[in-house]
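Scroll down for the structure; my scribbles are underneath it.
The values are calculated or read from the model by the stated rules, or taken from the named source; none is laboratory data. None of the values given here were measured: they were computed from a predicted structure. We place every Cβ from the backbone using ideal geometry, glycine too, and count neighbours over all the protein chains shown.
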Amino acid sequence: MRIGLAVISAMGILWAGASASAQTGTSLGEFQNETDVGTVLHAGSAKYDAAQHSYTVTGSGENLWANADAFHFVWKKVTGDISLGADIAIQTATGNPHRKAVLMIRQSLDADSVYADAALHGNGLTSLQYRDAKGGDTHEIESDVMGPVRLRIVKRGDTTYLYVASRSGDSLAPAGAAIKVALTGEFYVGIGVCAHDKDATTMAVFSHVELKTPPAATGEPVLWSVLETVPVASTDRHVTYVSASHFEAPNWTHDGTALIFNRDGHLERLGVAVENHPVATGEPQVIDTGAQSRCNNDHVLSPDGQWIGISDSSQADHQSSVFVVPIGGGTPRRVTQFSPSYLHGWSPDGKTLAFTGQRNGDFDVYAIPVGGGEETRLTTAKGLDDGPDYSPDEQWIYFNSERTGRMQIWRMHADGSGQEQVVKDESNDWFPHISPDGKLMVFVAYGADVTGHPANKDVELRVMSLVDGKVKVLAKLFGGQGTINVPSWSPDSQKVAFVSYELISSDR
């Protein structure tokens, strides 16, 4: 027997896969209808105040997460691109800290539907949540802004963006959270509330609600760079720093207190406080690298954390060469005699640098003493060999090579012997980095049709267990070049730092 909506009085349970409106015949302003999605113990409700153009929504539900949702939803059916913004205030002062009020775009009213939402939690946490496959798990990208007064969710094509305004009167700005979620044909857009407790209800007020079609993109889009971290255990991402500028390639300092990245030819240091996730403690500060003012995205910290190796093209031939400079800044010392040379690895004993060099038209992996001197060629295969990084036990150098016709991950002993393929898949894989505990390897995977490692592509961060060879996806993002060119593991091997990018219309 198929039941669309049934109230089982003896159990006090409301089943609402796609219920009728609780306010049939009553105006819901911008929206058409309301329903409880999923299984809830307490029916939700919505009240529209036309004079204030606000909605008071009460919802129950165990959660809006995992592979099935339970919440109250006020909605409208739409197609195409859409933008929904509102000031949100959760009125229920107590309850689960993860009770939430959301701006949502949803494929269907099924509990396990594909969706994306802008979620304000009871504890102030703000995130872009999404389920990109029906019945799949929910993931999120957490904003670095806690308790914003206004949120906006925007769908353009297959990409959904989160915008936030921290204080009343502030302009909405990109939160650095964006994800591809395929919402096709006719879908639902609206506001919702979840108590995150099946036995409770939560009330929220949505005011100054604005539902519209975003303006057509005109002119050149603006590039936004987003510094993120992701724990390998949960794969739920956290935004640490966002800027309408181009920066790349974060190193995590060995004491875990800062992230270092390159921007406009310089290195910058961003202090972070680490609790459940890294939180920026101020604005990035430029590291003094003297005359080397054309640093690129190939930079590595020494094992003792006292030095940073850089790749810079400030010299007369404008070709990248390797230098070392004190971690706090100072006068760089040149290490490589020949160029171009791009630094990627520093041996755990602190004595040797591994880099990619172009010599006689071929790109290969080389090693050189930190103090300078003669370089040693470690690879000789035809095609590009790149991205060398040492394992913590110094037994291996991992690198990417196109010697098979597709860019794949390889490794070799530190002297260049015993070269063997580590990853065999249909992607083009770049920049392997081994976790400090030696158990995991992270790398960037491009589509099979992508040549090289260009910027502004849909890529995946993948992590491979070096114990059993199993691979899982850490993050799907827009990026590639600059995302993870350098070692960026946290010191405890629990998280990876990376950069994603957004190309956003100036019209928003």
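State whether one or more residues within the range 473-482 are assigned to a loop (DSSP other than H, G, I, E, B), within 28 Å of Ser302 (Cβ to Cβ), over 15 Å from the mean Cα position of the chain (by Cα) and in the same structural domain as Ala280 (by TED's automatic domain parsing).
For the range 473-482, residues assigned to a loop (DSSP other than H, G, I, E, B), within 28 Å of Ser302 (Cβ to Cβ), over 15 Å from the mean Cα position of the chain (by Cα) and in the same structural domain as Ala280 (by TED's automatic domain parsing): absent.
Out of Gly61, Gly38, Gly80, I need the residue that is at positive phi and in contact with a Cys (Cβ under 6 Å, 6 or more places away or on another chain). Which one?
Gly61
Quick check on Ala101: is it within 26 Å of Asp132 (Cβ to Cβ), modelled with pLDDT under 95, of a type in the set (A, V, I, L, M) and in the same structural domain as His196 (by TED's automatic domain parsing)?
Details: within 26 Å of Asp132 (Cβ to Cβ): yes; modelled with pLDDT under 95: no; of a type in the set (A, V, I, L, M): yes; in the same structural domain as His196 (by TED's automatic domain parsing): yes.
In short, no.
Among the candidates Asp304, Asp317, Asp298, Asp264, single out the residue that is of a type in the set (D, E, K, R), under 22 Å from Gly345 (Cβ atoms) and surrounded by fewer than 15 Cβ atoms within 10 Å (Cβ to Cβ).
Working: Asp317 fails: under 22 Å from Gly345 (Cβ atoms); Asp298 fails: surrounded by fewer than 15 Cβ atoms within 10 Å (Cβ to Cβ); Asp264 fails: under 22 Å from Gly345 (Cβ atoms).
Of the residues listed, the single one that is of a type in the set (D, E, K, R), under 22 Å from Gly345 (Cβ atoms) and surrounded by fewer than 15 Cβ atoms within 10 Å (Cβ to Cβ) is Asp304.
Quick one: count up the residues across the range 221-239 that are outside any strand (DSSP E or B) and among the hydrophobic types (A, V, I, L, M, F, W, C).
2
So that you can scan it fast, the table gives a plain yes or no per residue for (1) closer than 29 Å to Ala51 by Cα; (2) among the small types (Gly, Ala, Ser); (3) modelled with pLDDT of 95 or more; (4) more than 20 Å from the chain's Cα centre (by Cα):
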| residue | (1), (2), (3), (4) |
| --- | --- |
| Thr201 | yes, no, yes, yes |
| Ala204 | yes, yes, yes, yes |
| Glu210 | yes, no, yes, yes |
| Val230 | no, no, yes, no |
| Thr235 | no, no, no, no |
| Val239 | no, no, yes, no |
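Of everything in the range 382-391, what is modelled with pLDDT of 95 or more and either among the hydroxyl-bearing types (Ser, Thr, Tyr) or over 22 Å from Ser311 (Cα atoms) (or both)? Give them in sequence order.
Passing the criteria: Tyr390, Ser391.
Could you pull out the residue among Ala280, Ala249 that is of a type in the set (A, V, I, L, M) and in contact with a Leu (Cβ under 8 Å, 6 or more places away or on another chain)?
Testing whether each residue is of a type in the set (A, V, I, L, M) and in contact with a Leu (Cβ under 8 Å, 6 or more places away or on another chain) leaves just Ala280.
Being outside any loop (DSSP other than H, G, I, E, B) and either over 31 Å from the mean Cα position of the chain (by Cα) or aromatic (Phe, Trp, Tyr) (or both) is the requirement here; does Phe338 meet it?
The answer is no for Phe338.
Restricting attention to the range 133-146, which residues are more than 26 Å from Ala111 (Cβ to Cβ) and either basic (Lys, Arg) or crowded, with 16+ Cβ neighbours inside 10 Å (or both)?
Asp144, Val145 - these are the residues of the range 133-146 that are more than 26 Å from Ala111 (Cβ to Cβ) and either basic (Lys, Arg) or crowded, with 16+ Cβ neighbours inside 10 Å (or both).
Whether any residue in the range 357-364 is of a type in the set (Gly, Ala, Ser) and either touching a Lys or Arg at 6+ places or on another chain (Cβ under 6 Å) or assigned to a strand (DSSP E or B) (or both) is what I want to check.
Restricting attention to the range 357-364, the residues satisfying the condition of being of a type in the set (Gly, Ala, Ser) are 357, 361.
Imposing the further condition that a residue be either touching a Lys or Arg at 6+ places or on another chain (Cβ under 6 Å) or assigned to a strand (DSSP E or B) (or both) reduces the set to 357.
Yes: one or more hits.
Would you call Val467 free of Cβ contacts under 8 Å to residues at least 40 places away in the same chain, of a type in the set (Val, Ile, Thr), more than 22 Å from Asp236 (Cα to Cα) and exposed (fewer than 15 other Cβ atoms within 10 Å of the Cβ)? Write out each step before concluding.
Numbers: free of Cβ contacts under 8 Å to residues at least 40 places away in the same chain: yes; of a type in the set (Val, Ile, Thr): yes; more than 22 Å from Asp236 (Cα to Cα): yes; exposed (fewer than 15 other Cβ atoms within 10 Å of the Cβ): yes.
Judged against the criteria, Val467 is a match.
Condition first: closer than 30 Å to Val459 by Cα and charged (D, E, K, R). Can you find one or more residues in the range 170-179 that meet it? Before you say what the answer is, go through the steps one by one.
Step one: of the range 170-179, the residues closer than 30 Å to Val459 by Cα are 172-179.
Now restrict to residues that are charged (D, E, K, R): none.
Taking every residue of the range 170-179 in turn, none turns out to be closer than 30 Å to Val459 by Cα and charged (D, E, K, R).
State which residue pairs qualify: first residue closer than 19 Å to Tyr130 by Cβ and inside the range 216-241, second residue at pLDDT 95 or above and of a type in the set (Phe, Trp, Tyr) in any location, beta carbons under 8 Å apart, and separation of 6 or more residues or different chains.
Trp224/Tyr501; Val226/Tyr241; Val226/Tyr501; Glu228/Phe498; Thr229/Phe498; Val230/Phe498
Out of the residues in the range 463-503 that are in contact with a Pro (Cβ under 6 Å, 6 or more places away or on another chain) and aliphatic (A, V, I, L, M), which is farthest from Gln421 (Cα to Cα)?
Leu503
Taking Ser166 as the residue in question, decide whether it is touching a Pro at 6+ places or on another chain (Cβ under 6 Å) and hydroxyl-bearing (Ser, Thr, Tyr).
Against the criterion (touching a Pro at 6+ places or on another chain (Cβ under 6 Å) and hydroxyl-bearing (Ser, Thr, Tyr)), Ser166 qualifies.
Looking only at the range 159-185, how many residues end up being more than 16 Å from Leu84 (Cα to Cα) and part of a loop (DSSP other than H, G, I, E, B)?
9
Restricting the range 186-206 to residues that are part of a loop (DSSP other than H, G, I, E, B) and of a type outside the set (A, V, I, L, M), which is farthest from Ala46 (Cα to Cα)?
Filtering the range 186-206 for residues that are part of a loop (DSSP other than H, G, I, E, B) and of a type outside the set (A, V, I, L, M), the one farthest from Ala46 (Cα to Cα) comes out as Glu186.
Only residues in the range 67-96 that are assigned to a loop (DSSP other than H, G, I, E, B) count as the first member; pair them with residues that are of a type in the set (Asp, Glu), Cβ under 9 angstrom, at least 6 apart or cross-chain, and list the lot.
Note: pairs meeting the criteria are Asn67/Asp112; Asn67/Asp137; Ala70/Asp36; Ala70/Glu62; Thr79/Glu186; Gly95/Asp197; Asn96/Asp197.
Which of the residues spanning the range 313-329 are under 26 Å from Pro436 (Cβ atoms) and in a loop (DSSP other than H, G, I, E, B)?
Within the range 313-329, Ile327, Gly328, Gly329 qualify.
Looking only at the range 442-470, count every residue that is under 20 Å from Ser500 (Cβ atoms) and either outside the structural domain of Ser500 (by TED's automatic domain parsing) or of a type in the set (A, V, I, L, M, F, W, C) (or both) and tell me the total.
9
Assuming Gln419 fulfils every condition listed in (1) without any contact (Cβ under 8 Å) to a residue 40 or more places away in the chain; (2) more than 28 Å from Val325 (Cα to Cα) apart from one, which condition is it?
The single condition Gln419 does not satisfy is (1).
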